[in-house]
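Everything below concerns the one structure shown next.
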There are 2 protein chains.
Amino acid sequence: MAQKVLIHGATGETGGDILDGLVADGSFVSPSNPISPHRTQSYQEIAALVRPQSLQKLVTKSLKSRGVKVVVSDLVNQDVEEIADLLAGYDTVISAVATTAQLDQLKLVDAAAKAGIKRFIPCGFTSISPPGGVMSLIRTEKEKIHERIWYHHLPYTIIDSGTWYQISFPSLPSGKVSYAFMGDGNTIVADGNAPNLMVDKRDIGRLTARIIKDSRTLNKRVFLHADVLTQNDIWAIMERKSGEKIEAKHATHDELLAKMHTARAVCMKNPSDPRMRFAAISAEYMVCKYVRQDNNPQNARYLGYIGTRELYPDFEPNTFSAFVDELLAGQAKKLYRDKFEFMQKKST
Amino acid sequence: MAQKVLIHGATGETGGDILDGLVADGSFVSPSNPISPHRTQSYQEIAALVRPQSLQKLVTKSLKSRGVKVVVSDLVNQDVEEIADLLAGYDTVISAVATTAQLDQLKLVDAAAKAGIKRFIPCGFTSISPPGGVMSLIRTEKEKIHERIWYHHLPYTIIDSGTWYQISFPSLPSGKVSYAFMGDGNTIVADGNAPNLMVDKRDIGRLTARIIKDSRTLNKRVFLHADVLTQNDIWAIMERKSGEKIEAKHATHDELLAKMHTARAVCMKNPSDPRMRFAAISAEYMVCKYVRQDNNPQNARYLGYIGTRELYPDFEPNTFSAFVDELLAGQAKKLYRDKFEFMQKKST
């Protein structure tokens, strides 16, 4: 089915991967796009919703050069009717926004409902956990968006990805992977045997391209099913491939719970401080992944998700092992680095 | 699969139907039960969780005479460990509690998780509506129970039934059906064409017996799919079968919304008054059924429910038309009448 897709947050970490995945898929790309030889009859259009203040940024200009239509919108200051006018005519709207901007989507959902969008993908793309305050910050805000979707009877797909390879490896004594390190200080929790759903974040885009073309995923929750690894698995792969011995710190379940309660309390006292908020969210993720052990395929199915392995058995997700090869070869990217610098490098 | 089933609320309106349905099914009934010739090898036990103060009631004694084991428990005063000890060994726990007692289930869920119950059925058995405050009282409390279930990773099935035939018919000018009338004053909303999922409440029990024996419904939401009728359909059936002309009052969507907002505000000011609470819940049901139009199979599927028609195509639900025949023949029962009187009649 031909469809026009609009991405909100296409210049961010996840939105960028989704844009790449849609372009690589070939089904969605503009005829003016010089880098896609794969376009098919189901081709239509990819557009990115961009804030007025971002229009002159290099990253926005690069969208245009890739055949992506830029739609200017200011979710904060425009009213729902104005945003709905901009969304009208798109089939699918995909939202991938910053941790701090989840509730901005409320207005986007209202506008999508008004514009008759055929499928709305709210900003998910994270670990599996249940609603109801277990993840009291980020998941609870994401659930508010789901509730708004259901309030409007808006067609949807909720996509969660598990945790990303790119933030899940330990550092090495040699400093060889420090250029891309985003971890939490080589801490192994309890016996290190909690299984966690993991994905190469670039596969988020490739799989989202499949999901939005698939009627089986309409009004469903989908989890991206690549690797399921424990911390011990990860350590073993890193040691074997690097030939280095990795020293680990250790934390107990009780220590993680105490850290989470403290971080939540500090965040409550400083609700407008993004660092305190980020610390609390990170502490909640640690508890969900290693204490509660929510982030695994079994729990995803229990919570009503369908997995991409059963939906797309032909899709070969990138393995953590292959990612480590890339990482050790110095070819991984550090996330969330300055986008301007990133785009400059790309354009030279 | 053999299973031992415990019902919380077996002496109430819905719990009574569930008990009847399980007994009629034949798979669950005690060998001492004189009225079940159908028991099979999958037979085990039905038990009812009964409060100490209800032990001497006739309704409790009648449970025993039907082969139902009585398990005494006081959810309010016992702690989770004590309740868990009582639940240990049961496979399935079904909860059907009064509108005002939904949150009593929190402790029951904690105990069920501790006891390793293999399937917990929270008190659902009502109209379809989304979580998130659309039904700010009853549904929101039911969702708190769901969240507690997911918190514990407790296996579950959420069962919703649509609205019941028994509370959905208009009164007749002749007074012929007044003996069983529970309606809202013969009000038709807007054009009377909102489709609503409806069920004979006795089928709740028959279908629950199927659902708890079915592995396909584990960790799923299920809706009971009998008739889907508009108010105009209901009026037409009642007029045709009774030969009477039914006068209707009319209400607009805006009138229903205004009534709901007022009832909610009054309830907020009188949180401990059950009449105010009941009025607000009723007003919310009217909005969900006739303004939002949430209570239909399409919306149930959208919210992730599976319907019993696709699960059990051989099951013939009682039709509204057949219920009306019973009603006009004077054989329907008025709901929520005094249980003591009801049981006395039954035992004579």
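The values are calculated or read from the model by the stated rules, or taken from the named source; none is laboratory data. Predicted model only: the values in this text are computed from it and were never measured. Ideal geometry is used to build each Cβ from the backbone, glycine not excepted, and the neighbour counts take in all protein chains shown. Accessible surface is based on the protein model in full, side chains and every heavy atom, while ligands, DNA and RNA are left aside. Shrake-Rupley method; radii C 1.70, N 1.55, O 1.52, S 1.80 Å.
Worth a mention:
- Residues in the range A:265-314 that are among the small types (Gly, Ala, Ser) and assigned to a helix (DSSP H, G or I): A:Ala265, A:Ala279, A:Ala280, A:Ser282, A:Ala283, A:Ala300.
Here is a yes/no grid of residues against (1) surrounded by fewer than 17 Cβ atoms within 10 Å (Cβ to Cβ); (2) under 21 Å from A:Tyr336 (Cα atoms):
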position	(1), (2)
A:Glu141	no, no
A:Arg148	no, no
A:Thr157	no, no
A:Gly162	no, yes
A:Gly175	yes, yes
A:Ser178	yes, yes
A:Arg206	no, yes
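- Pairing each residue of the range A:149-177 that is over 27 Å from A:Val189 (Cα atoms) with any residue that is part of a helix (DSSP H, G or I) and open to solvent by 20 Å² or more (accessible area, probe 1.4 Å), provided the two are 6+ apart or on different chains, yields C-beta distances under 6 Å for A:His152/A:Ala113; A:Leu154/A:Ala113.
- The listed residues are A:Arg309, A:Arg210, A:Arg216, and the only one of them that is among the charged types (D, E, K, R), in contact (Cβ under 8 Å) with a residue 60 or more places away in the chain and surrounded by 16 or more Cβ atoms within 10 Å (Cβ to Cβ) turns out to be A:Arg210.
- Taking the range A:52-89 as the range and being open to solvent by 90 Å² or more (accessible area, probe 1.4 Å) and closer than 17 Å to A:Leu22 by Cβ as the test, the residues that pass are A:Lys64, A:Lys69.
- Qualifying residue in the range A:161-182 (condition: closer than 30 Å to B:Gln298 by Cβ and either away from chain B (no Cβ under 14 Å) or more than 20 Å from the chain's Cα centre (by Cα) (or both)): yes
- Near pairs, Cβ below 6 angstrom, 6+ apart or cross-chain, from the range A:83-94 (touching a residue at least 60 places away in the same chain (Cβ under 8 Å)) to any residue that is of a type in the set (Phe, Trp, Tyr): A:Val93/A:Phe120
- Taking the criterion of being under 20 Å from A:Leu303 (Cα atoms) and touching a residue at least 12 places away in the same chain (Cβ under 8 Å), the residues of the range B:126-138 that qualify are B:Ile128, B:Ser129, B:Pro130, B:Pro131.
- Residue match in the range B:112-125 (condition: in contact with a His (Cβ under 6 Å, 6 or more places away or on another chain), in contact (Cβ under 8 Å) with a residue 12 or more places away in the chain and under 26 Å from B:Ser27 (Cα atoms)): yes
- Hey, B:Ile117 away from chain A (no Cβ under 13 Å), open to solvent by less than 10 Å² (accessible area, probe 1.4 Å) and not small (Gly, Ala, Ser) or not: yes
- Here B:Ile246 clears all of (1) in a loop (DSSP other than H, G, I, E, B); (2) open to solvent by 50 Å² or more (accessible area, probe 1.4 Å); (3) modelled with pLDDT of 95 or more; (4) not polar (S, T, N, Q) except the condition numbered (2).
- Some residue of the range B:87-103 being under 28 Å from A:Met135 (Cβ atoms) and in contact with a strand residue (DSSP E or B) (Cβ under 6 Å, 6 or more places away or on another chain): yes
- Of all residues in the range B:255-305, those satisfying the criterion of being touching a Lys or Arg at 6+ places or on another chain (Cβ under 6 Å), within 30 Å of B:Arg210 (Cβ to Cβ) and either free of Cβ contacts under 8 Å to residues at least 24 places away in the same chain or of a type outside the set (S, T, N, Q) (or both) are B:Gly304, B:Tyr305.
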